[in-house]
Amino acid sequence: MNSPRRSFLLATAAAAPAFLKAAQATKSIKVGLVGAGGRGSGAALQALRADDYAELTAVADLDLPIINGSLERLKRAAGDKVKVEEAKKFTGLDAYAKLLATDVDVVILATPPGFRPLHYRAAVEANKHLFVEKPIAVDAPGVRSVMETTKLAKEKNLCIVSGFCWRYSNYIKATFDQMQQGAIGELVSYYGTYLSNPVKPMPPASARPAGISDVEWQLRNWYNFGWVCGDGLVEQGIHTVDKVQWAFGDDTPLSCTAIGGRAIPAEGGNIYDHIEVNYLYSKNRRAHVVHRQIPGCHNENGDYILGTKGQVTIGRGPLPKIEGANPWTFEGVKNDMYQYEHDVLFAAIRKGEVRNDGERMAVSTMVGIMGRMAAYTGQQITYEQALNSQERLFPEKLDWGTGKLDVLPLARPGVTKFF
C-alpha cells in the first residue's frame, strides 16, 4: 500500500500535535529513532520509505558508534532523507528524553523492551506519534503503565502502531479472516511453535572488559537478562502469543501452566532457553505455545489450528492452507508486513486519522509474561493474577558508569515464588 502523495488538508483535533493542524501532504514528517540497533535501523528505513516527505532528524542510543553505524547504513539506503545533525545525535540512558525535546513528529521505540514503558509514557506526554516495537514491557507493572499511557494517547488523538508485525501480513490476515468467517467451524485448539537459534548468546565472563559497570555489561548483552529482555518467550516467542490472541478474538486466557528451563548453560545470564505454555481459554479451548532458542536444533515458526470443521496450517509450506469442509489456500502476493506497518502509520497521520494498537499490544505482552511466570514458578497462573502481579523486574534507577546491578538467580520451578 502506498502512502497518500497529493496535497490536502488534514482533519484537525484540539489535542493533536501542532504539525497536523492544517498541514499539507507535502509537509515533512520528522522521524526520531530511539534504539539504533538492527531492528531500530530497519524500522527507521521502513518509516522513511512509507512517506515521500518523511525524514530522519534525530537518533538516540547508548553511545555514538552505534548511532553513526546506523546512520551510515541508512544513508546508503535512503540518501538525503537522513538529515541528522551532530547536535541531534543523543547518547546515554537519558538520550530518549533529549530526542523527545526536539521537533520530531513520529518516534520509533526500538530499545530493549525493559525500557519501553518509560519511553512510551514520555513520548505520549510529549505528543509524539509512535511506532512501538514488541513486546511493550517485561513485567506486570510495566504492562499496567502502558495500559494507562495508551488511554492518554487516545485522549491526545495520537497514532500508535505496534511491532506485532503478523497483524499487518496480508496472507495471515486473509487466513484469519477465513477462520473468523467459519471456514474451520468453532476454534478448538491452537499449537504454535517458535523454535530458533539464540538472538544474542551470552559471552563468557572472561570477555567482560575490566572496569565496566554491571549496568553496561548487562545492557551490552541485554538479551540474556530478564529485567531488560523479559525472557525469550516474551521477547521473541511473543509473536506466536500474539497470533494466538488474534485467533481467539483477543480474549484473555483464563489460566495457564508451563514447563521450561535452561538446557545450555549461559554464564551470567538468567533467562530460560525453552518454555512451553498451555493456555486455557473459555469454552475449554486450549492453546499451546512452544518456544526454544538452542543452536543445532530443529527450527520452525509454525501454527497448527484445529476447528470443528477443519484445520489451518501456517509455516509448513510457502502459503497457509485450510483443510477440511472448506479447503482454501492463499493465492495473492505476499506483502512486506514490516513495511506495511509504517505505511499504515504514516497514511493515518497524513489523513488526520487515529490508529491505536495500544490495548492489544499490552494484552498480548501480558499473556506472554503470564506464560513466563507459570514456567518460572511451576504454578498455575490466572490472567488476573498475572496482570496484578507486584513483581518488578526493571530497576527503578540505573547508573551507567558506576552502577552495581545484581542478577537474579535462574528461576527454579517449585522454589521461585509468584508475587
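The values are calculated or read from the model by the stated rules, or taken from the named source; none is laboratory data. Here the structure is a predicted model, which means the values were calculated and not measured. Here the Cβ positions follow ideal geometry from the backbone for every residue, glycine too, while neighbour counts run over all protein chains shown.
Values for this structure:
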quantity	calculated
Residue within the stretch 286-298 that is farther than 30 Å from Arg208 by Cα and among the basic types (Lys, Arg) present	yes
Any hit, the stretch 308-329, residues being aliphatic (A, V, I, L, M), part of a loop (DSSP other than H, G, I, E, B), closer than 17 Å to Met366 by Cα and touching a helix residue (DSSP H, G or I) at 6+ places or on another chain (Cβ under 9 Å)	no
Test: His274 is closer than 24 Å to Gly378 by Cα and not hydroxyl-bearing (Ser, Thr, Tyr)	yes
Options Gly302, Gly352: the member that is surrounded by 15 or more Cβ atoms within 10 Å (Cβ to Cβ) and not assigned by TED's automatic domain parsing to the domain that holds Gly230	Gly352
Members of the stretch 54-72 found to be surrounded by fewer than 17 Cβ atoms within 10 Å (Cβ to Cβ) and in contact with a Ser or Thr (Cβ under 9 Å, 6 or more places away or on another chain), listed by number	Asp63, Leu64, Gly69
Complete set of residues in the stretch 329-349 that are closer than 25 Å to Tyr190 by Cα and surrounded by 19 or more Cβ atoms within 10 Å (Cβ to Cβ)	Phe330
Pair list, Cβ < 9 Å and 6+ apart or interchain, from the stretch 388-407 residues that are more than 18 Å from Ala137 (Cα to Cα) to residues that are hydrophobic (A, V, I, L, M, F, W, C) and part of a loop (DSSP other than H, G, I, E, B)	Asp399/Leu93; Asp399/Leu405; Trp400/Leu62; Trp400/Leu93; Leu405/Phe225; Leu405/Leu398; Val407/Phe225
Filter result (crowded, with 20+ Cβ neighbours inside 10 Å and assigned to a helix (DSSP H, G or I)) within the stretch 150-170	Thr150, Ala153, Arg167, Tyr168
Residue check for Gly32: modelled with pLDDT of 95 or more, closer than 18 Å to Ala123 by Cβ and either in the same structural domain as Leu109 (by TED's automatic domain parsing) or not in a helix (DSSP H, G or I) (or both)	yes
Test: residue in the stretch 132-142 that is in contact (Cβ under 8 Å) with a residue 12 or more places away in the chain, more than 19 Å from Cys229 (Cα to Cα) and either out of contact with any strand residue (DSSP E or B) (no Cβ under 8 Å at 6 or more places or on another chain) or not assigned by TED's automatic domain parsing to the domain that holds Gly40 (or both)	no
Pairs where the first residue, in the stretch 64-76, is over 17 Å from Leu99 (Cα atoms) and the second is of a type in the set (S, T, N, Q) and part of a helix (DSSP H, G or I), C-beta under 9 Å, 6+ apart	Gly69/Ser41; Arg73/Ser41; Leu74/Ser41
Index of the failed condition, Gln46 passing every other in (1) assigned to a strand (DSSP E or B); (2) in contact (Cβ under 8 Å) with a residue 40 or more places away in the chain	(1)
Count - residues of the stretch 136-149 that are more than 18 Å from Ile238 (Cβ to Cβ) and outside any helix (DSSP H, G or I)	0
Flag if Gly249 is modelled with pLDDT under 95 and outside the structural domain of Ala36 (by TED's automatic domain parsing)	no
